[in-house]
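In what follows, a structure is listed as structure tokens, so that the remarks can point back to it.
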Amino acid sequence: MRLNIANYDIDKERLPRHIAIIMDGNGRWAKRRNLPRIEGHRQGVRRTRQLVETCGKLGVDYLTIFAFSIENWVRPEKEVKFLMNLFKEVIKDQVPDLVKNNVRIRFIGRFDRIPDDVMKSMRWAEEMTRDRSGLTLLVAISYGGRSEIIDAVKKIIKKGIPPHRIDEKTFCEFLYAPDVPSPDLLIRTSGECRVSNFLTYQTVYTELWITKTLWPDFTPALLLKAISDYEKRERRFGGV
Ligand code: FPP
């Protein structure tokens, strides 16, 4: 089935099953307007809500967003505190809408430094949306692709799995979200052409789509453009 939305031609059969997004540029957006960085994050959250809604309506199965990288802990304490509080607020605010829109939320990352109250709200949101069967929203918080790989190796060693039993299939079972397929499309805003330690194991054959637009300006129309461009690409996975 083909859909024409906002002048973009979307083929439902070719829709990416899993979209991953590096939501970059909140700080720069604020700086350009002479606003404090936190205002960029607030506007970023509004865009994130729209994005979740649009992906749900389109019928995308998985959406992974990079909310806070394991490297982000080195940011000024004030900004880290603001972001942690913002996550808690957004989660509390959004759960009723997620439930209503049939969205399941899950969190991935290395959580040892996440404050208890934030962790509690994350677990609560997962519990409240556990049985939702539409879009699965994965929020990467305190996430690093290399840390995820190292954590998987540790779990494998702890379980005593012998080397001859380790292949790609077994290894994937120890990642943070073992049941989730690799992303088909990775979108990055604000023009940087790198993957920045995001889903390192999973993105080896992911199609990259980069826009100079800063995250707080990322509209649903831009998402449709990214999907429409993706659908025109030929994916060969190393074949001919
Ligand atoms: C990067 O901008 C963006 C972030 C650190 C993500 C902030 C989080 C959200 C927008 C939404 C979180 C949503 C949920 C559901 C928890 P930056 O500060 O790196 O920008 P800069 O590169 O311009 O400085």
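The values are calculated or read from the model by the stated rules, or taken from the named source; none is laboratory data. No experiment lies behind these values; they were computed from the predicted model shown. Cβ coordinates were reconstructed from backbone atoms using ideal geometry, including for glycine residues, and neighbour counts include every protein chain displayed. Keep in mind that these areas ignore ligands, DNA and RNA; they rest on the heavy atoms of the full protein, side chains included. Shrake-Rupley method; radii C 1.70, N 1.55, O 1.52, S 1.80 Å.
A 1.4 Å probe run over the chain, with the rest of the protein chains in place, finds 54 Å² accessible per residue.
Tell me the net charge near Leu185. Cut-off is 13 Å between Cβ atoms, Leu185 excluded, with +1 for each Lys or Arg and -1 for each Asp or Glu.
On the way: positive: Arg14, Arg17, Arg188, Lys225, Lys232, Arg233, Arg235; negative: Asp61, Asp184, Glu207, Asp229, Glu231.
Around Leu185, the surrounding residues sum to +2.
The spacing between segment 167-214 and segment 75-134, judged by their C-alpha centroids, is 21 Å. With θ taken as phi - 60° and the Karplus curve 6.51 cos²θ - 1.76 cosθ + 1.60 applied, the whole-hertz 3J(HN,Hα) list for segment 58-66 is 6, x, 5, 7, 9, 10, 10, 10, 8 Hz, x standing for glycine and proline.
In whole percent, how big is the carbon plus sulfur part of the accessible area of segment 126-214, probe 1.4 Å, protein atoms only? Write down the numbers at each step before the final one.
On the way: 2620 of 4750 Å².
In segment 126-214, the share of accessible area belonging to carbon and sulfur is 55 percent.
Which order do Val240, Val90, Val153, Val60 take by accessible area at a 1.4 Å probe, largest first? Before the final figure, lay out the partial values.
Values: Val240 180, Val90 35, Val153 60, Val60 5 Å².
Sorted descending by solvent-accessible area, the residues read Val240, Val153, Val90, Val60.
Note that segment 45-57 has calculated 3J(HN,Hα) couplings of 4, 4, 5, 5, 4, 4, 5, 4, 4, 5, 4, x, 5 Hz, one per residue in order, obtained from phi through the Karplus relation 6.51 cos²θ - 1.76 cosθ + 1.60 (θ = phi - 60°); glycine and proline are x. Taking amide H atoms as placed 1.01 Å from N in the peptide plane, the amide H of Glu207 lies under 5 Å from those of Leu185, Leu186, each 5 or more residues away in sequence or on another chain. Amide H contacts of Thr136 (H built 1.01 Å from N, in plane; Pro and chain starts excluded): Tyr62, Leu63, Arg104 sit under 5 Å, all sequence-distant by 5 or more or on other chains. For Lys78, the lysines whose Cα comes closer than 24 Å to its Cα, not counting residues fewer than 8 places off in the same chain, are Lys31, Lys88, Lys92, Lys120.
Could you please state how large a percent of the accessible area of segment 15-87 is carbon and sulfur, counting protein chains only and using a 1.4 Å probe?
Details: 1780 of 3560 Å².
The C+S portion of the solvent-accessible surface of segment 15-87 is 50 percent.
Which whole-number percent gives the relative contact order of segment 1-95, counting Cα pairs below 8 Å spaced six or more residues apart? Reported as a whole number, the value is 27 percent.
Keeping every protein chain in place, order Met84, Met128, Met23 by accessible area at 1.4 Å, biggest value first, i.e. largest first. Intermediate results must be reported in sequence, preceding the final value.
Details: Met84 10, Met128 90, Met23 35 Å².
So, going from the largest accessible area down, we get Met128, Met23, Met84.
The amide H of Asp11, built 1.01 Å from its N in the peptide plane, has Leu3 as neighbours under 5 Å, considering only residues 5 or more places off or on other chains.
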